[in-house]
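Some notes on the structure that comes next.
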Amino acid sequence: EAEVAQSPRYKITEKSQAVAFWCDPISGHATLYWYRQILGQGPELLVQFQDESVVDDSQLPKDRFSAERLKGVDSTLKIQPAELGDSAMYLCASSPLLAGETQYFGPGTRLLVL
Amino acid sequence: KQEVTQIPAALSVPEGENLVLNCSFTDSAIYNLQWFRQDPGKGLTSLLLIQSSQREQTSGRLNASLDKSSGRSTLYIAASQPGDSATYLCAVRTNTGNQFYFGTGTSLTVIP
């Protein structure tokens, strides 16, 4: 069964350093989402792509976060510089259509900023 | 902004019991509602998706209902098993936007 892939699974970094996360959605899925999940809370959308275009990045802290999906397939989320409050699980999800079909989630990247 | 609340935050039941998890949302203009399961330190697994025109969906021992007008959904788990222990999250997609709004989840423990 096809799955959403994410790497790395775990990342420890010091504050002010740069970090990057990678996501490979299920083949053929046009929509890709990046979520941040703080421990004990539900995921919060950071950015949503339709193919290579950003559909929604209203919750993305653009002073330090950036995301790209250059060829409309895999995607990278970057944080520079990382802050202590960025410690969280970063989840990637994909879905076949924009208009609200089931989202399929990857295993996530657990980030710890020291 | 859509707000999603899940009650209770945590639940512990003996094996074999039937149970109900609750999800409420503030904006009834939703496109669909989805229930997910999350195991510790893992990603989310979709359980059931209910479109706004539907009243319920069933999959095995799981049944999810939707009452849009009152802003509520319930997830019913029949004959609970220890393997059902996980955090259950509901997420709502509104008509006016593209994103899902998640609740904070209910942490379920099924005691053997």
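Starting from the Cα of B:Asn18, step 7 Å toward the Cβ, then list every residue of segment B:68-112 with an amide N under 17 Å from that point.
Output list for this probe position: B:74-81.
How well do other chains shield peptide B:39-51, expressed as the mean number of their Cβ atoms within 10 Å of each residue Cβ? Mind dumping the intermediate values first?
Working: counts 0, 0, 6, 6, 15, 12, 2, 6, 1, 1, 4, 0, 2.
Shielding by partners across B:39-51 averages 4.
Report the percentage of all Cα-Cα pairs in chain A whose separation exceeds 16 Å, rounded to a whole percent. Please list the in-between numbers first.
On the way: 3584 of 6441 pairs.
Here the long-distance tail beyond 16 Å is 56 percent of all Cα pairs in chain A.
Can you work out the Karplus-derived ³J(HN,Hα) for every residue in segment B:53-68? Use 6.51 cos²θ - 1.76 cosθ + 1.60 with θ = phi - 60°, whole Hz, and x for glycine or proline.
7, 9, 9, 7, 9, 10, 8, x, 8, 9, 9, 10, 10, 9, 10, 5
Write down, largest first, the equivalent ellipsoid semi-axes of segment B:16-61 in whole Å, where each equals the square root of 5 times an eigenvalue of the alpha-carbon gyration tensor. Working shown, then result.
Values: eigenvalues 86, 46, 28 Å².
In descending order the semi-axes read 21, 15, 12 Å.
How big, on average over all directions, is the shadow cast by the Cα convex hull of segment A:20-81, in nm²?
On the way: hull surface 17.8 nm².
If I average the Cα hull's projected area over directions, I get 4.4 nm².
Given 37 °C and 0.692 mPa s, how large is the Stokes-Einstein diffusion coefficient of the protein assembly as shown in µm²/s, with Rh as the Kirkwood radius over Cα pairs?
Working: Rh = 18.0 Å.
Stokes-Einstein gives a translational diffusion coefficient of 182 µm²/s.
Can you pull out the trypsin sites (Lys or Arg not before Pro) in segment A:1-33 whose DSSP state is coil and whose Cβ has at most 14 other Cβ atoms within 10 Å?
Details: sites: A:Arg9, A:Lys11, A:Lys15; in loops: A:Arg9, A:Lys15.
Of the trypsin sites (Lys or Arg not before Pro), the ones in loops of segment A:1-33 whose Cβ has at most 14 other Cβ atoms within 10 Å are A:Arg9, A:Lys15.
What translational diffusion coefficient, to the nearest whole µm²/s, does chain B have by Stokes-Einstein, given a Kirkwood radius computed over alpha-carbon pairs, a temperature of 4 °C and 1.567 mPa s viscosity?
Working: Rh = 14.0 Å.
Approximately 93 µm²/s, per Stokes-Einstein.
For the pairs A:Lys78/B:Lys42; A:Lys15/B:Lys1; A:Lys62/B:Lys68, note any where the Cα-Cα span goes beyond 26 Å.
Over 26 Å Cα-Cα: A:Lys15/B:Lys1; A:Lys62/B:Lys68.
Relative contact order, percent, of chain B when contacts are C-alpha pairs under 8 Å separated by at least 6 residues?
On the way: 290 pairs, mean separation 41.8, N = 112.
Here the relative contact order equals 37 percent.
Only the coordinates and a few stated rules stand behind these numbers; no lab work does. Computed from a predicted structure; not experimentally measured. Note that each Cβ is placed from the backbone with ideal geometry, even for glycine, and that neighbours are counted across all protein chains shown.
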